[in-house]
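Chemist: Would you mind keeping the following structure in view while I ask a few things?
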Amino acid sequence: MRPRVPGTQKSRAAAPSRNAKAARKTGRRHPLATVALLAIGLGLTGGAYAAFTTTTASADTPQVQTASKSSVSQGEKLFQANCATCHGMDAQGTVNAPSLIGVGAAAVDFQVGTGRMPMQMQGPQAQEKPVQFSDEEVAALADYVASLAPGPSIPEQKYLDGKGDAANGAQLFRINCAMCHNVAGAGGALTEGKYAPPLTGVSAKHIYEAMITGPQNMPVFNDLNITPQGKADIITYLKYIQNNPSPGGIELGSLGPVAEGLFLWIFGLGAIVALTVWITAKSN
């Protein structure tokens, strides 16, 4: 019979406990723990982003336009007769013009409704000119292009009534638009022969459509950049300054202090020089 060694069983019983403590001290964890944590984090982030973007969707979110078959059919015929030469028979674009798949009804209503399309000639950008189509034909063209793929829709009337917050609209306009269009919406020159057009006399619908479609060199302002109410406030501000002329006298095109200073240098100093010459001539 093997003699008992004092403390042997106690040391064996304590061994697993010491091993567990040692594992905890070294910080070891299951190999799949990191993968599980990453999966949980990605799932929570994706869910939160999806919920946020869903709540912010509104008028300028890509939508499928609901239009009558007759309107779409009429628009298709007009498109093939007037637009397909540049944009292709299926509106998928050519070397001369971009694809219209996904641009939505708002882009067509703006470009065709302001006379920029069809273009009169190739150039740095499409220039505004008399509208070539009736309102019904413009709507039919918009319905046809919108039927090809989802895109920004024509804005609701509640955002176009000019009853927003003009002060907030002025702040948003100065931050996002004034660097090109001038703080008074008088327009300005850009590079390579391009320009930002003046906004006086432009309809509220076309201003809103320009913000959500980004024509020419203009960026797209979706709901994450400027909310629909913010766009309505910008329209309110532009209509306010259009209907309330400057109380300071001649606006000189609202081009700012450079134009005003140049006016004083040319005409003010010119008048002083002319007066000096006249006084000298009289004294002689």
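The values are calculated or read from the model by the stated rules, or taken from the named source; none is laboratory data. Everything quoted here is computed from the prediction, not taken from an experiment. A quick note on method: Cβ atoms are made from the backbone with ideal geometry, for glycine too, and the neighbour counts reach across all protein chains shown. Surface accessibility is based on the protein's heavy atoms, side chains included, excluding ligands, DNA and RNA. Shrake-Rupley method; radii C 1.70, N 1.55, O 1.52, S 1.80 Å.
Chemist: How do the helices (runs of 4 or more DSSP H) wholly within the range 74-170 filter down when requiring 3 or more residues that are within 28 Å of GLY230 (Cα to Cα): which remain?
Modeler: Result: 104-113, 135-148.
Chemist: Could you check, for the range 111-129, whether at least one of its residues is among the basic types (Lys, Arg) and surrounded by 15 or more Cβ atoms within 10 Å (Cβ to Cβ)?
Modeler: Yes, that holds for at least one residue.
Chemist: Take the range 213-248 and flag every residue that is touching a residue at least 24 places away in the same chain (Cβ under 8 Å), closer than 25 Å to GLY115 by Cβ and open to solvent by 70 Å² or more (accessible area, probe 1.4 Å).
Modeler: GLN216, ASN217, GLN242
Chemist: Find all pairs meeting these conditions: Cβ atoms under 7 angstrom apart; at least six residues apart or on different chains; first residue within the range 259-277 and of a type outside the set (Ser, Thr, Tyr); second residue assigned to a helix (DSSP H, G or I) and modelled with pLDDT under 90.
Modeler: ALA259/LEU252; ALA259/GLY253; GLU260/LEU252; PHE263/LEU252
Chemist: Under 30 Å from THR236 (Cα atoms), surrounded by 17 or more Cβ atoms within 10 Å (Cβ to Cβ) and aliphatic (A, V, I, L, M): does that describe ALA189?
Modeler: Judged against the criteria, ALA189 is not a match.
Chemist: Just wondering, is there one or more residues in the range 128-142 that are out of contact with any strand residue (DSSP E or B) (no Cβ under 8 Å at 6 or more places or on another chain), of a type in the set (Lys, Arg), free of Cβ contacts under 8 Å to residues at least 24 places away in the same chain and over 24 Å from TYR240 (Cβ atoms)?
Modeler: The answer is yes; a qualifying residue exists.
Chemist: Just to verify a result, which residue in the range 158-184, among those that are touching a strand residue (DSSP E or B) at 6+ places or on another chain (Cβ under 6 Å) and on the phi < 0 side of the Ramachandran plot, is surrounded by the fewest Cβ atoms within 10 Å (Cβ to Cβ)?
Modeler: The extreme case among them is CYS180.
Results for (1) among the hydrophobic types (A, V, I, L, M, F, W, C); (2) under 15 Å from VAL72 (Cα atoms), shown as yes or no for each residue.
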{"position": "ASP90", "(1), (2)": "no, yes"}
{"position": "GLY93", "(1), (2)": "no, no"}
{"position": "ALA97", "(1), (2)": "yes, no"}
{"position": "VAL131", "(1), (2)": "yes, no"}
{"position": "VAL138", "(1), (2)": "yes, yes"}
{"position": "ALA142", "(1), (2)": "yes, yes"}
{"position": "GLU156", "(1), (2)": "no, no"}
{"position": "GLY162", "(1), (2)": "no, no"}
{"position": "ALA170", "(1), (2)": "yes, no"}
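Chemist: I'd like the full set of residues that are of a type outside the set (A, V, I, L, M) and either open to solvent by less than 80 Å² (accessible area, probe 1.4 Å) or touching a residue at least 60 places away in the same chain (Cβ under 8 Å) (or both), limited to the range 143-157.
Modeler: Within the range 143-157, ASP143, TYR144, SER147, PRO150, GLY151, PRO152, SER153, PRO155, GLU156 qualify.
Chemist: Quick one: how many residues across the range 189-201 are touching a residue at least 60 places away in the same chain (Cβ under 8 Å) and on the phi < 0 side of the Ramachandran plot?
Modeler: Result for the range 189-201: 3.
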